[in-house]
Every structure is written in C-alpha cells, then in structure tokens.
1. Once you place label points 7 Å from the Cα toward the Cβ at residue 280 and residue 263, how far apart are they in nm?
2. Report the residues of segment 178-210 in range of a label on residue 224: point 7 Å along Cα→C-beta, backbone N strictly under 16 Å from it.
3. Antiparallel as a % of all DSSP beta bridges within segment 369-431, to the nearest 5?
4. May I ask for the distance between the Cα centers of segment 496-573 and segment 579-617, given as a whole number of Å?
5. Over segment 504-565, what is the relative contact order in percent, taking alpha-carbon pairs closer than 8 angstrom and at least six residues apart?
6. Return the sequence-ordered ³J(HN,Hα) values of segment 474-485 in whole Hz as given by the Karplus equation 6.51 cos²θ - 1.76 cosθ + 1.60 applied to θ = phi - 60°, using x for Gly and Pro.
7. Percent antiparallel among DSSP beta bridges with both residues in segment 436-499, to the nearest 5?
8. By the scheme Lys and Arg +1, Asp and Glu -1, what is the net charge of all other residues having a beta-carbon under 10 Å from that of residue 34?
Amino acid sequence: MDVSVADPLVGQLLDGRYAVRSRIAKGGMATVYLALDERLDREVAVKVMSPALVDDEDFVRRFTREARSAARLNHHGIVQVFDQGTDGDIVFLAMEYVPGRTLRDLMRERGPLSAGEAFDLMEPVLEALAAAHRAGIVHRDVKPENVLIADDGRVKVADFGLARAVDAGTAHSQTGLLLGTVSYLAPEQVERGVADARSDVYAAGVVLFELLTGGKPFVGDTAVQVALQHVSSRVPAPSTRIDNLDPALDDLVLLAAARNPDDRPADARELLMVVRETRRRLPQEALDAEPTPAATTAPQALVVALPPEPHDDPHGRTVALRRSPAEPVVADARPRRRHRGRTSALVVLLLAVLLGAGGWYLGAGPGAYEDVPKVVGSTQAEAQASLSRHGLSARLTQGYSERVPVGSVVSSDPGEGQRVRKNGTVTLVVSQGPERHAVPKLVGTSEDAARGALADASLKVGKVTRAFDTGVPEGSVISASQPAGTELRARTSVDLVVSKGPEPVAVASWVGKPASDATQALTSSGLKVKASQAFDDTVAKGLVISQKPGAGTAYKGQQVTLVVSKGPQLVDVPRVVGRQLEDAARELQKAGFQVEVHKILGGFFGTVRSQNPGAGQQAPKGSTIRLTVV
C-alpha cells in the first residue's frame, strides 16, 4: 500500500458516502484508495481520476459512459464497478476491493513461470475477457497491472472500459499516459487507433509470452520505439528466450500475438479454447518443467531470403530458423550463385511442410472445426450426449429461467450452428428454474440496513414514503409492501414506509384554568393526560395547579401530567364553649385554626360563652374561629 506521501484526500468523505482511509496505488491516469462505503458498511476501492483528465470535459463524458458499460459486467473474474460519481472537481469510480497483489507483482517476484503455472493464471483472465467480449465490451488495456490476484487465490481483471475513455481522443494529448501500456498494444492500435476483441487477444498473447519468459517481447528506450516494433516485427517465439519449452507453446503465443488481426483467434473465448486444448495435449512433464533461460549466444541459423511484407525492409528480409544440434550448420548463409539451386529446394521443401502441416491442422488437428448442435431445451444428459457425438465436450454452469424446466439447457456458448475447434468445449447453462429471492426482515431495521438487505437479496427498493410513528424510532422501517419471507423475482421492487419519529404537537399552559378544558384540548392533540388532585388554599377547586411538561412542544402519544386543585382543606371545628379561654384557644390552634377573641364585661371570668363557626361544623384549615368570652 502506497503510504510514502501524505495524501490530502485521505480522511475525506467523497459524495457523502465514501470515507477514504488510505492510498493503495498511484498511476499516470488515476490514484486508487481504500475507502469505506458508509451506506452499505463495506470496503471498496475508489479510483480517482487524474486532474489532467478531469479538465477534459469530453473525457469525463466518455468516462461516465464507459463506466456504466463496465458496471453491467457481472462475472466472478471481473472486478465489479459499484458506482461512479463526482465530488466537486473529483471524478471517481467505486469498485470491488480485492485485497492481494497484481500479476506484475507476482512476475517481479517469480520471473518466468512453468507452462502449467502460466495456464493457471491465463485461463481465468481469458474467461473474464470472454465474458466482456460476449457483452460487446473490449478491454483495450490488458496488462499484468490490470490483473489482480486476491489473497485467497482468485484472479480478477480490472479497469474495463477505462482505456477506451482515455484512448478516444485524450491519450494523444497526455504525454506518457500510456507508457505502461505500450508493451501490450496490438499493431492496429498503434497504426490506426482501432481496437476490437482481437486486440485484447494480442495483449493476452504478450502477457502469456511474459509469463513464460519473464520478459517483454520488445524493449526500447522510448515508448515510440516499442510501439513501432509491435508494428514492424513479429512477437518472437518464447523458445528464443527459454530453452526447454514445448513447441506447442510457441505456436500458442504466435497464434495469439499474430500481427494481422485476421490471423488471431476471433475473441478471448476462442483463444481460451485453444489454451485449454494445448494444455490438454501437453505431457505433464512439459507443464511442470522449470524454465531454463536460453544461452546468451544466438542459436546457429540458416538464413533464407523471403519476399518483403508490409512494414518490412523493402529490400527483403531474413528469417532465422533454429536448427537442432544434430543438424549441420551452414557456415556462410550469404546467398551465392552456386547455392541457388540448394536454396530454392529448401524453400520449396519448407513451403511443402508448412502446407502439409496447415492441412492437417485445419482438417484433423486442433484447427479442425465442428458445428455446435442444437442443445437448448434438451436435458443436461441429452445435451452432453449430443455434444459428445460431435466430438465436443461440455462445461456446465447453472442459471435461472422462467420458461426452461429445471435440469434443461437454457443456452449454450457458442450457440447452435456456430463453429468450434474440434475437441473444443461448449459452455451449457442448465436451468435452476425460476429465480426467486426471499424478502428479508425489514420492519424495525434502519433504512440503510433495509436497502442493503434488499440489495443482498437481489431485490430493489421501490417507493419510500415517510410517516410519523410513536412506536418506531426515526429512520427505521415501519412497514414494507411485501412481508418477510415472500419469494419474489430478482430485481422486484419492495416499497418501504420509514418512520419520521413521533409527530410534534404544540402545548399551551393550562395552569389556573379548568382541568376539564385542559384534558379535552390535550387529548384532542394526541397527547395522553394523567391528572391528580391536591388541596390548595389559593387555587380554586377544579382549576389546574401545575402542568408537566409546560408550554412548548411535545410529541403525539407523550404524557402530560396535571395537578388539579381540590380547593382548601376543611377541618372539623372542635367544641370549646364553656371552657377557659387559654384551653380553648390551644385546642383550636392545634386543629389548624386561627383564634379571634371578643370579651364581654372585660372577660372577667375567662370562660368561652360562644364560638363561630360552631362545634361540629367544618372550616378551611387556617381559617379563624371567633370566640366570645365572659
């Protein structure tokens, strides 16, 4: 992971969703970061385009279009594109994060690989390219840097569609942008700026050459020098670099990396078939042989003059044909008059051998073709038997179908009537029946969690409405249009109702006002009322003494507590008539009353003659009892 330089983007949140954690790698076209998708809580790789490219409006439009095309690719060997967006002047892609290393890292570490190891890496790469070619998408930048090897051994191809966005008018103005790519450019890309599936095949052939030999076929001091070699020279046979390679590996690399696109396999699927057939025919010792670098001295050769071809020296060219050690060596290969007859005979013999080998190759050898029979609608066993009768084998995969019964063939690749090399393989998609996915538990989960659960179940979020709800927290799902467990077709929409929390309600102050009015008004607003009563000397009976919460904002379903006055507390008045004043006053005060004394004739005897209120009556606690004393 590239941590050598502090990066201002690390720690930022892109598009309100992607939290950038660290920088993984930096190249001429983009910088790749490890980020957390906070919406779906998963790690992603975010590729941020170079500012030099972002300034080109045409590029941004092309980039957006190609990113959408790449996002439609769904194959286990292709790095999935999740999202494309902008944040200010930042243009980025959010992609599947593949922890591991690139094929370039492996090649630097290992050098040349055995044929078996090279095939182990090339087959998944070609499977991914074949899936893209079927979808009409050309990669245009196949190279070891774009092949990822996960920590668990999975091989994935990255950056589909990005080279097209760059190549279509931008690369020529961005010096050095394709310097890392030029070693894998097909001649037609260099000459005419055009590319199709055969251009990816050429690049794959160069990658295979590099896996077998540990080096690129062409090198130079500048990118232009390397590009011109792709146009003017054939990719050399791997055996010129590695001594102990089987000749079939030379044939395979030279077929894939032929200068003329018409001489190459039509697409990655066809090249994959040739690779698998070559692997099947090679003895195990040839697959396991450790590569031995060729001697530094050039092999002894016979030089044959051949007519000029396009891009060759107009004065003729020479081709070195390696001899086995048992063959005599021609000491001087310069054309001489006395050797013309011998040279002509050798040329005729060589052409005869080539024609004979070509006839065998196309008629009975690996180059022979068979028409794919009709297998769609047949049972798996019937389809395999039919292919076997035509000398073809079947590779089985499974897929869903609304119409084809379980166990019968939905489709074949190649299709009916298409031509396949003899002993080749036809991929059959066998029906699993209708594709159905169970609706996950949504009610009570957060909206983001519900969206993620539906995506994981291959379903879509439909209409989202929001409603107040006292029992469901804000942001959580109140209800869904389909109950949990319901089986639905893939990509069916499920509508959600999401809670806005309890509805706010304005609350007035009811202190000092009739409790009956307060209860009616609060209940009508959707609030709950809890009332209690208390004596109060200052608040009349039936009025509100206190309220909680007070005036302000509450939420529907919330409880409001009222304390209602019972008026002042009444106390029984004790009988004190006939008792002495001091004793009577003491008893009344003990009962909670005040005492007022009215004396007759000076109150000489100190005896209470009358009281008001009288004995047995009730009076408010704290009120005054009037005594008449004689």
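1. Result for the modelled spin labels: 2.7 nm.
2. 178-179, 182, 190-191
3. 55 percent
4. With segment 496-573 and segment 579-617 each reduced to a Cα centre, they are spaced 43 Å.
5. 48 percent
6. Each residue of segment 474-485 in turn: 4, x, 9, 7, 7, 7, 10, 6, 10, x, 4, x Hz.
7. Here the antiparallel bridges make up roughly 55 percent for segment 436-499.
8. Working: positive: 21, 23; negative: 43.
Result for the local shell: +1.
Rule-based calculations on the coordinates, nothing more; no lab input. Only a predicted model underlies this, so the values are computations on that prediction, with no experimental measurement involved. Neighbour counts run over all protein chains shown; Cβ positions are idealised from the backbone, glycine included.
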